[in-house]
Amino acid sequence: MKKSALQKARAAYQPKLPIVLTGAVKAVEGNPTESVADQEEIKKLFPNTYGLPELKFEKEANPVHGSAINVGVILSGGQAPGGHNVISGLFDGIKKIHKDSRLYGFLMGPGGFVDHKYMELTADIIDEYRNTGGFDIIGSGRTKLETQEQFDKGLEILKELNIKALVIIGGDDSNTNAAILAEYYKAINAGVQVIGCPKTIDGDLKNGLIETSFGFDTATKVYSEVIGNIQRDCNSAKKYWHFIKLMGRSASHIALECALQTQPNICIISEEVEAKNMTLQDVVNYIADVVAARAAKGDGYGTVLIPEGLIEFIPAMKKLIAELNDFLAHNANEFAEVENKRQYIIDHISKENAEIYASLPEGVARQLTLDRDPHGNVQVSLIETEKLLGEMVGRRLAEMKQDGKFVGKFSALYHFFGYEGRCADPSNFDADYCYALGFNAACLINAGVTGYMSSVRNLTNPSVQWVAGGIPVTMMMNMERRHGEMKPVIQKALVRLDGAPFRKYASKRDEWAINTSYMYPGPIQYFGPSEVCDQPSMTLRYELGDK
Ligand code: FBP
């Protein structure tokens with residue numbers, strides 16, 4: 001495979017491990033844990049893996065000798081920068097336990113595990129992928145691992161390959177399934193450990209012990225570079241309003257982080273829209289007022305950041321989507337057959353929701369009824385919220401013009417940044433973090449535990465000072481309605497309106513709205529001074545204490 005100059009230089013990068021993982025370690029147990037909510041139900045559903053203690057690795061004076069172990073690895077869900085480093089860290093970790101340990105990768109996500117499609121990951125293969133973006137080493141997929149039949153089918157191949165531990169690299173849904181699998185294998189004494197790793201560019205798989213999911217840092221840096229470039233362009237030509245939708249299926253962490261990095265005129269935060277019980281029209285009016293205020297001082301241009309999941313957070317839309325989710329889950333076959341789908345929905349759902357549904361533009365209404373992903377989520381990346389908002393703002397400004405409240409022109413351009421950042425070469429932060437997560441997963445395997453997520457924290461300090469350990473996945477769970485039924489799932493971490501990152505943004509936004517305060521972060525730097533190359537995301541810095 002021909003390589004670019006950067007690829008060659010990057011291959012030589014040696015991720016920095018937390019110092020504690022550089023020698024022999026022992027797992028120190030903390031207190032038993034509880035799930036974040038619905039303790040009684042979760043405890044009943046996970047009798048073998050509920051309540052386990054947190055683990056922290058500490059240096060062991062005497063070298064620990066492990067025996068050779070075969071491990072399987074699955075990449076699950078959307079791509080996130082650094083996945084290859086999790087796998088290379090895992091590989092190096094199990095080889096350090098014993099040189100004869102072997103790593104098998106299941107192909108194209110959980111589907112490869114069920115269908116017995118796999119490859120052995122040898123040193124030559126691993127070396128090709130160190131510090132690179134993408135999940136192409138073994139591919140990823142969104143097959144949901146949920147049935148006993150799938151678990152048993154997977155166990156057949158684990159037995160055949162003598163695999164004693166399975167590492168699932170995924171987001172909240174995939175790690176939920178990892179926990180269910182861990183519970184099942186423990187219950188039937190299958191002799192297979194299951195360990196999760198926190199992946200998602202969305203940044204919504206985090207809590208006190210998982211400070212961030214991997215990929216968020218790199219993806220937001222890529223988007224912020226391009227937003228900065230757009231801002232410089234619009235500040236040069238002074239004639240367009242750019243409506244920029246940013247990935248992040250539910251939470252607005254990506255939009256918020258990009259706003260902190262680039263200081264746009266407007267950034268909508270879905271969680272705030274929900275908390276303030278805003279309607280779509282309220283959001284439109286807010287944007288139109290800013291456009292008009294800037295126009296009044298002669299600035300007919302600007303940037304608006306829109307989180308991909310916005311539509312689901314507008315309370316009225318949320319109710320509609322919840323009813324559509326249940327309705328479509330129970331009437332999928334009939335819905336597939338009918339010709340006039342829009343009318344069919346209007347005729348069958350509650351009057352209140354039918355009215356809202358009927359008022360939506362044709363395209364958005366159709367997008368809301370498209371197939372859910374295997375986890376039951378609306379595929380929000382397919383909904384063109386940026387255009388919907390831009391067009392509604394245009395209409396509102398026309399009304400304001402008639403009333404003499406808007407002078408000037410309004411020309412909107414639309415962008416959606418998501419896939420552009422998911423496979424970027426990991427930043428130094430993600431390269432180090434991911435390698436540590438993978439290496440740490442090997443240590444958890446060696447400690448003999450199951451149902452744990454690899455946890456590396458203290459992340460705003462230099463990587464050598466990071467703290468490593470494991471947290472029981474059941475600790476992050478609560479009960480939620482999915483596909484029309486209550487299910488145990490990892491609680492999503494949404495943007496907290498009382499959290500430091502949002503408060504920082506809220507304290508600045510009025511100034512950024514009217515003035516032109518753009519920041520231009522530029523491209524990710526891999527080589528150079530540490531303050532340019534190694535800074536973690538602003539979200540992490542504010543959350544962990546920066547002022
Ligand atoms: P994960 O939660 O699996 O990490 O995926 C996140 C994400 O990138 C979302 O931001 C986006 O809405 C979705 O994946 C897109 O999914 P797909 O890759 O299937 O189009």
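Brief remarks follow.
- Residues satisfying the stated conditions in the range 526-547, i.e. surrounded by 15 or more Cβ atoms within 10 Å (Cβ to Cβ) and part of a loop (DSSP other than H, G, I, E, B): Tyr526, Asp534, Gln535, Pro536, Ser537, Leu544
- Identity of the residue in the range 171-194, of a type in the set (D, E, K, R) and within 16 Å of the ligand (Cβ to nearest atom), that ends up surrounded by the most Cβ atoms within 10 Å (Cβ to Cβ): Asp172
- Test result for Leu55, among the aliphatic types (A, V, I, L, M), closer than 21 Å to Leu205 by Cβ, out of contact with any Cys (no Cβ under 6 Å at 6 or more places or on another chain) and more than 16 Å from the ligand (Cβ to nearest atom): yes
- Matching residues in the range 296-342 - criterion: being under 20 Å from Gly390 (Cα atoms) and within 16 Å of the ligand (Cβ to nearest atom): Leu305, Ile306, Pro307, Glu308, Gly309, Leu310, Ile311, Glu312, Phe313
- Index of the failed condition, Thr220 passing every other in (1) under 24 Å from Gln535 (Cβ atoms); (2) in a helix (DSSP H, G or I); (3) in contact with a strand residue (DSSP E or B) (Cβ under 6 Å, 6 or more places away or on another chain); (4) within 16 Å of the ligand (Cβ to nearest atom): (3)
- In the set Asn70, Asn48, Asn131, only one residue is in contact (Cβ under 8 Å) with a residue 40 or more places away in the chain and buried (at least 20 other Cβ atoms within 10 Å of the Cβ); that residue is Asn131.
The rows are residues; the columns are (1) in contact with a Leu (Cβ under 6 Å, 6 or more places away or on another chain); (2) touching a residue at least 60 places away in the same chain (Cβ under 8 Å); (3) over 30 Å from Asp432 (Cβ atoms); (4) among the hydrophobic types (A, V, I, L, M, F, W, C).
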{"residue": "Val222", "(1), (2), (3), (4)": "no, yes, no, yes"}
{"residue": "Gly228", "(1), (2), (3), (4)": "no, yes, no, no"}
{"residue": "Asn235", "(1), (2), (3), (4)": "no, yes, yes, no"}
{"residue": "Tyr240", "(1), (2), (3), (4)": "yes, yes, yes, no"}
{"residue": "Met247", "(1), (2), (3), (4)": "no, yes, no, yes"}
{"residue": "Ser252", "(1), (2), (3), (4)": "no, yes, no, no"}
{"residue": "Glu257", "(1), (2), (3), (4)": "no, yes, no, no"}
{"residue": "Ser270", "(1), (2), (3), (4)": "yes, yes, yes, no"}
{"residue": "Val283", "(1), (2), (3), (4)": "no, yes, yes, yes"}
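- Test: residue in the range 133-143 that is basic (Lys, Arg), under 19 Å from Gln7 (Cβ atoms) and assigned to a loop (DSSP other than H, G, I, E, B): no
- Looking across the range 268-284, the residues that are under 15 Å from Thr385 (Cα atoms) and either part of a helix (DSSP H, G or I) or hydrophobic (A, V, I, L, M, F, W, C) (or both) come down to Ile268, Ile269, Ser270, Val273, Leu280, Gln281, Asp282, Val283, Val284.
- Complete set of residues in the range 436-447 that are assigned to a helix (DSSP H, G or I) and over 20 Å from Asp217 (Cα atoms): Ala441, Ala442, Cys443, Leu444, Ile445, Asn446
- Any chance Phe57 is assigned to a strand (DSSP E or B) and either in contact with a Gly (Cβ under 8 Å, 6 or more places away or on another chain) or of a type in the set (Asp, Glu) (or both): yes
- Inspection of the range 425-435 identifies at least one residue that is among the hydroxyl-bearing types (Ser, Thr, Tyr), farther than 25 Å from Ala365 by Cβ and either more than 23 Å from the chain's Cα centre (by Cα) or in a helix (DSSP H, G or I) (or both).
- Residue list for the range 403-440, filter: of a type in the set (Lys, Arg) and more than 15 Å from the ligand (Cβ to nearest atom): Lys405, Lys409
- If you go through the range 1-22 and pick out every residue that is under 29 Å from Cys443 (Cβ atoms) and either touching a residue at least 40 places away in the same chain (Cβ under 8 Å) or among the basic types (Lys, Arg) (or both), you end up with 10.
- Subset of the range 99-113 [over 26 Å from His65 (Cβ atoms) and in contact with a Gly (Cβ under 6 Å, 6 or more places away or on another chain)]: Phe106, Leu107, Met108, Gly109, Gly111, Phe113
- Any hit, the range 189-200, residues being outside any helix (DSSP H, G or I), touching a residue at least 40 places away in the same chain (Cβ under 8 Å), hydroxyl-bearing (Ser, Thr, Tyr) and within 20 Å of Leu90 (Cα to Cα): yes
- Considering only residues in the range 16-54 that are of a type in the set (S, T, N, Q) and not in a loop (DSSP other than H, G, I, E, B), the one that is farthest from Asn189 (Cα to Cα) turns out to be Thr22.
- Apart from one condition, Ile138 fits all of (1) within 16 Å of the ligand (Cβ to nearest atom); (2) closer than 22 Å to Arg102 by Cα; (3) touching a Pro at 6+ places or on another chain (Cβ under 9 Å); the exception is (3).
- Single residue of the range 285-328 satisfying the filter (out of contact with any Pro (no Cβ under 7 Å at 6 or more places or on another chain) and polar (S, T, N, Q)) that is nearest to Leu494 (Cα to Cα): Asn325
- Residue, surrounded by the fewest Cβ atoms within 10 Å (Cβ to Cβ), within the range 233-267, restricted to residues that are in a loop (DSSP other than H, G, I, E, B) and within 14 Å of the ligand (Cβ to nearest atom): Ser250
- Residue within the range 283-297 that is closer than 20 Å to Ala365 by Cβ and either among the charged types (D, E, K, R) or over 28 Å from the mean Cα position of the chain (by Cα) (or both) present: no
- Hey, Gly394 at pLDDT below 90 and either more than 16 Å from the ligand (Cβ to nearest atom) or outside any loop (DSSP other than H, G, I, E, B) (or both) or not: no
- Selection status of Glu225, farther than 29 Å from Gly394 by Cβ and modelled with pLDDT of 95 or more: no
- Beta carbons closer than 8 Å, at least 6 apart along the sequence or on distinct chains, pair a first residue in the range 325-353 that is assigned to a loop (DSSP other than H, G, I, E, B) with a second that is aromatic (Phe, Trp, Tyr) for Val338/Tyr344; Ile349/Phe327; Ile349/Tyr357.
- Unmet criterion (only one of (1) within 16 Å of the ligand (Cβ to nearest atom); (2) at pLDDT 95 or above) for Leu368: (2)
The values are calculated or read from the model by the stated rules, or taken from the named source; none is laboratory data. Note that the structure is predicted; figures quoted are calculated from it, not measured. Methodologically, a virtual Cβ is constructed for each residue, glycine included, from the backbone with ideal geometry; neighbour enumeration extends over all protein chains shown.
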